[in-house]
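Read the structure below first, then the notes.
The values are calculated or read from the model by the stated rules, or taken from the named source; none is laboratory data. Since the structure is predicted, the reported quantities are computational estimates derived from the model, not experimental observations. Note: ideal-geometry Cβ built from the backbone for every residue, glycine included; neighbour counts use all protein chains shown. Note: areas computed on protein heavy atoms with side chains; ligands, DNA, RNA excluded. Shrake-Rupley method; radii C 1.70, N 1.55, O 1.52, S 1.80 Å.
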Amino acid sequence: IGWLEDDPSTDERALLEDLARRLGEWALLLELVGAELRSLTNDGRSLSDAVDHVVKRLDRKGVTYLDRDDEQQRNLSIQVSIDASLNRLSEDYAQRLYELAIFPEDTAVPFKTIEQLWSGTADYDDFDTEDALEAMNRLSFFTRYDTRSKTLHIHDIVRQVLGEKLADGIPIH
């Protein structure tokens, strides 16, 4: 809740705590949902309306209970959270994000390498690449985004979900 401008009220804090419990208090999922809540509140929704929106989205996608010991259920919830964040990106940026799934797991990916990839797939230059990466970072798609070393890390599960959305990664390689 560090992204909130004001401290949440007691009722808002209770809503956030309930949502965190529902999400299994799993850090990656909380970060992704937190980015969605931040975006929704920045767009003018109240915090309680934003939480309600996220809860309804989770319900509509069939996730009514998250067992933190059930990896398949947890991954489904991550899929729903990633989809919610993807809806905040332009279609072009979403496609660029899917393309990041070609990079190996547990690897620091240099911004320059991403620029080279996107130069070939979307005619991006260094400014386009930076703008796209910044938009993606604001939605918490990366576990680490280091502007000093100009590298990023993508969580393995996020990478897996993105790879499933990538139509055909072979030509991109």
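Out of region 148-173, which residues are in a loop (DSSP other than H, G, I, E, B), surrounded by 12 or more Cβ atoms within 10 Å (Cβ to Cβ) and modelled with pLDDT of 95 or more?
Step one: list which residues in region 148-173 are in a loop (DSSP other than H, G, I, E, B), which gives 148-150, 155, 166-173.
The next check asks that each one be surrounded by 12 or more Cβ atoms within 10 Å (Cβ to Cβ); those that pass are 150, 155, 166, 169, 172.
Scanning region 148-173 gives a single hit, Lys150.
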Report summary line: Cβ pairs under 9 Å, 6+ apart or interchain, first in region 136-149 and without any contact (Cβ under 8 Å) to a residue 40 or more places away in the chain, second open to solvent by less than 50 Å² (accessible area, probe 1.4 Å) and part of a loop (DSSP other than H, G, I, E, B), ordered by first then second residue, are Arg144/Ala108; Asp146/Ala108
Query - Residue list for region 125-141, restricted to those being surrounded by fewer than 20 Cβ atoms within 10 Å (Cβ to Cβ), touching a helix residue (DSSP H, G or I) at 6+ places or on another chain (Cβ under 7 Å) and among the hydrophobic types (A, V, I, L, M, F, W, C) - result: Ala135
Report task. Tally the residues that are of a type outside the set (A, V, I, L, M) and modelled with pLDDT of 70 or more, restricting the search to region 53-79. Result -> 5
Query raised in the report: If you take the residues in region 97-124 that are of a type outside the set (Phe, Trp, Tyr), part of a helix (DSSP H, G or I) and touching an Asp or Glu at 6+ places or on another chain (Cβ under 9 Å), which one is most open to solvent (accessible area, probe 1.4 Å)?
Result: Lys112
Requested in this report: Could you tell me whether any residue of region 35-52 is at pLDDT below 80, surrounded by 15 or more Cβ atoms within 10 Å (Cβ to Cβ) and in contact with a Leu (Cβ under 6 Å, 6 or more places away or on another chain)?
Outcome: yes
